[in-house]
Structures are given as structure tokens and as C-alpha cells.
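Please read the structure below before turning to the comments.
No lab work stands behind these numbers, since they all come straight from the coordinates. All values derive from a computational prediction rather than experimental measurement. Here the Cβ positions follow ideal geometry from the backbone for every residue, glycine too, while neighbour counts run over all protein chains shown.
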Ligand SMILES: [Zn+2]
């Protein structure tokens with residue numbers, strides 16, 4: 001009898017996203033149950049077609065599993081009445097904004113790194129900073145040269161997500177190209193068409209945050225444009 005070939009099935013989107021969450025956690029970018037993540041629901045998948053799956057609030061990202069997501073509708077509300085008692089991340093409204101503004105975005109990643117937090121405080125008063133003249137910028141989808149500049153908006157942190165998400169939704173369309181935004185003293189939001197692309201964007205941002213902070217510590221001219 002011939003043995004049947006063993007196929008390793010493609011990981012499901014939430015499994016792939018969970019692997020990325022563990023990678024981000026291993027880098028120290030999702031400490032103390034912080035950070036939140038989502039991916040757009042595929043048509044026919046669990047949840048409503050125009051909604052997304054978002055991480056449940058308050059879980060350790062080092063032990064996060066593919067079962068720790070909750071489907072929400074396009075406005076970030078839990079769409080399954082049987083699970084209405086489960087709390088999606090408090091920042092789910094910001095994920096809704098990204099999916100509304102950028103139809104190509106299928107994955108949103110939000111991290112709380114030390115470097116991002118420090119940098120966001122340094123540039124908060126000017127509302128953002130220019131990222132320019134670094135080779136790593138080519139890691140952003142569509143960028144082909146280091147000789148470019150990308151604006152990274154920084155919003156004051158807030159606990160009223162309705163007000164904050166309206167502010168973010170009004171400003172982001174004013175910037176092209178755009179790959180993410182920061183909340184001051186809080187963290188980074190970035191996104192991608194695929195999980196791999198969104199992960200790459202986090203890595204580009206984190207590289208830049210560390211490089212800019214190091215350059216500043218050596219007295220290198222400011223990168224704020
Ligand atoms: Zn956060």
C-alpha cells in the first residue's frame with residue numbers, strides 16, 4: 001500500500017497573523033498585554049463581509065492564539081450576539097478608520113515599542129516627522145529609492161476613541177504616501193495588503209525609530225524636515 005503524501009496546509013489568515021504577533025512580542029514591541037491587531041474578514045468567512053477580526057482586549061501577546069480574535073462589523077462592534085460580552089480591543093475604532101480609508105489594507109498592526117514611544121514624544125509638538133534618505137524606506141510597499149520622504153503623523157494620545165478616530169480619519173487622507181501614524185507616548189499603527197507586508201512595515205518603522213534616536217544621540221542634524 002502506498003503511503004498518501006502528507007500535505008502541510010496553508011496556514012489560515014488568523015494563524016499567520018498570530019505568528020506575526022509572536023514575532024512582534026519577541027522583539028519587545030507588545031509589552032504588558034498592550035497592542036492590538038486585526039485582519040479584514042474574507043467574504044463568506046466568520047463575521048460580516050465588510051467587517052474584520054480584531055484581537056480581544058487585555059491578553060498577553062506572547063501566548064496569544066488564533067482563537068483570541070473576535071469578529072466585529074465595519075464600525076468595530078461585536079457582530080455575534082452570543083459573544084457580545086467579549087471585549088474587543090479598546091482601540092478597535094482606529095482599525096475601522098484604516099479599513100474605511102484604505103480599501104487595499106487587509107491587516108492592521110498596532111505596537112507599543114520603547115523607541116516608537118520615545119520618538120513620538122520628541123516630535124509630538126510638530127504633529128509628526130519626515131522619514132527620509134534611509135535605504136530601509138524601500139521596505140515600504142511601492143517605494144523604490146532612499147531619495148524620498150514619508151510623513152509620519154503623530155496625534156496626541158486620548159482615551160476617547162470616538163473623538164480620536166474622527167481626528168485621525170480627517171487627517172490621514174491629507175498625506176500621500178502614508179504607511180502609518182503614531183499616538184504620542186503610546187504607539188504605532190501601520191497596515192498592509194497582506195500580513196507579511198504589514199509585518200514588514202512594522203520592521204521598517206522600528207528600524208527607523210531606532211536609527212533616528214541613535215543619530216540624535218550623536219548630535220546628528222534633526223530629521224524633522
Ligand atoms: Zn495601544
(request) Could you work out the Rg to Rh ratio of the chain, with Rh taken as the Kirkwood radius (inverse of the mean 1/r over all Cα pairs)? (result) 1.00
(request) Provide the gained length on full extension for the span residue 67 to residue 26, in nm with one decimal, where the gain is 0.36 nm per separating residue minus the Cα-Cα distance. (result) 12.8 nm
(message) Modelling each spin label as a point 7 Å along the Cα-to-Cβ direction, I'd like the residue 218/residue 160 distance in nm, to one decimal.
(response) 4.4 nm
(request) Give me the number: length gained by fully extending residue 193 to residue 174, i.e. 0.36 nm times residue separation minus the C-alpha to C-alpha distance, one decimal in nm. (result) 4.8 nm
(message) Quick check on the chain: of the DSSP beta bridges with both residues there, what percent are antiparallel, nearest 5%?
(response) 95 percent
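Using mean Cβ contacts within 10 Å as the protection proxy, how do 199-208, 127-136 order, highest first?
My ranking of the peptides, most packed first, is 199-208, 127-136.
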(request) Relative to the longest principal axis of the C-alpha atoms of the chain, give the angle of the C-alpha long axis of helix 161-171, reported between 0 and 90° and rounded to the nearest 10°. (result) 60 degrees
(message) Under the 0.36 nm per residue contour assumption, what length would be gained going from the current alpha-carbon distance of residue 87 and residue 102 to full extension?
(response) 2.9 nm
(message) Given the -39500 (n - 2.57) contribution per DSSP H run of 4+ residues, what per-residue ellipticity at 222 nm results for the chain, rounded to the nearest 500 deg cm²/dmol?
(response) -9500 deg cm²/dmol
